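First the structure, in the form of structure tokens, and then the observations on it.
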Amino acid sequence: MLTFAATLGFANLLGLSAAHAKDCAGAKLRNVGGVARAWKLADGGIAAYSNMNINIDGYARAYHPKNASAGALLHLCNAGRPYAPDGTSYNASKDNPTCTGRFMDDYARIGAAGWKDTSVGIIRWFGVLGRDQVQLNGGNIKSVVPVLQKDGSGFYVSPTALADNAIADAAD
């Protein structure tokens with residue numbers, strides 16, 4: 001999670017002059033749009049501190065089998081939900097030990113088995129484009145084979161609703 005700041009201190013960090021910093025001074029506001037720290041500026045604008053989540057769906061460098069060591073911005077544990085052969089599943093991004101340990105062990109084992117062997121387990125992909133489906137304990141699990149980008153970069157396709165439907169191959 002990133003934090004965005006627009007305050008006197010932030011103005012100083014940007015190297016703005018004292019005159020510019022004074023332009024940012026304003027009256028404190030309370031709970032503006034759910035933001036606890038905000039100021040009304042002399043020109044009528046509002047400056048605030050707020051948490052900001054960034055969604056990088058569709059980014060070409062979002063997910064890679066080797067994660068950050070290959071330049072990926074997100075860890076694969078944020079892109080799928082693993083299922084054991086008995087149908088139980090877990091939140092792969094629950095915490096660091098689960099993400100970098102248990103999930104990556106399951107990922108390696110399931111991938112080595114060809115992604116669709118329910119006797120080993122499966123991963124339902126949602127942050128990575130997945131193809132094919134399997135039956136697991138009477139349920140249909142879709143998106144179980146992750147799709148690598150066609151460009152040979154080794155990165156997975158990160159799906160987004162903002163897509164060019166004229167391109168037939170989703171891996172391109």
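Numbers for the structure displayed
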read-out	value
Single match in Ala27, Ala19, Ala60 (criterion: modelled with pLDDT under 80, out of contact with any Gly (no Cβ under 7 Å at 6 or more places or on another chain) and either part of a loop (DSSP other than H, G, I, E, B) or not assigned by TED's automatic domain parsing to the domain that holds Gly152 (or both))	Ala19
So Ser143, is it crowded, with 18+ Cβ neighbours inside 10 Å, of a type in the set (S, T, N, Q), farther than 17 Å from Gly87 by Cβ and in contact with a Lys or Arg (Cβ under 9 Å, 6 or more places away or on another chain)	no
Verdict on Ile110 being in a strand (DSSP E or B) and under 23 Å from Lys142 (Cβ atoms)	no
Residue list for the stretch 137-172, restricted to those being among the small types (Gly, Ala, Ser) and in a loop (DSSP other than H, G, I, E, B)	Gly138, Gly152, Ser153, Gly154, Ser158, Ala161, Ala163, Ala166, Ala168, Ala170, Ala171
The lone exception for Ala47 - which of (1) touching a Cys at 6+ places or on another chain (Cβ under 9 Å); (2) within 24 Å of Val147 (Cα to Cα) it fails	(2)
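Yes/no matrix, rows are residues, columns are (1) within 29 Å of Asn53 (Cα to Cα); (2) at pLDDT below 95; (3) surrounded by fewer than 14 Cβ atoms within 10 Å (Cβ to Cβ); (4) more than 20 Å from the chain's Cα centre (by Cα):
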position: Pro65; (1), (2), (3), (4): yes, no, no, no
position: Cys77; (1), (2), (3), (4): yes, no, no, no
position: Arg81; (1), (2), (3), (4): yes, no, no, no
position: Asp95; (1), (2), (3), (4): yes, no, yes, no
position: Gly101; (1), (2), (3), (4): yes, no, yes, no
position: Gly114; (1), (2), (3), (4): no, no, yes, yes
position: Gly139; (1), (2), (3), (4): no, yes, yes, yes
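The values are calculated or read from the model by the stated rules, or taken from the named source; none is laboratory data. The shown structure was predicted, so the numbers you read here are calculated from the model rather than taken from an experiment. FYI the Cβ positions are ideal-geometry reconstructions off the backbone, even for glycines, and counts take in every protein chain you see.
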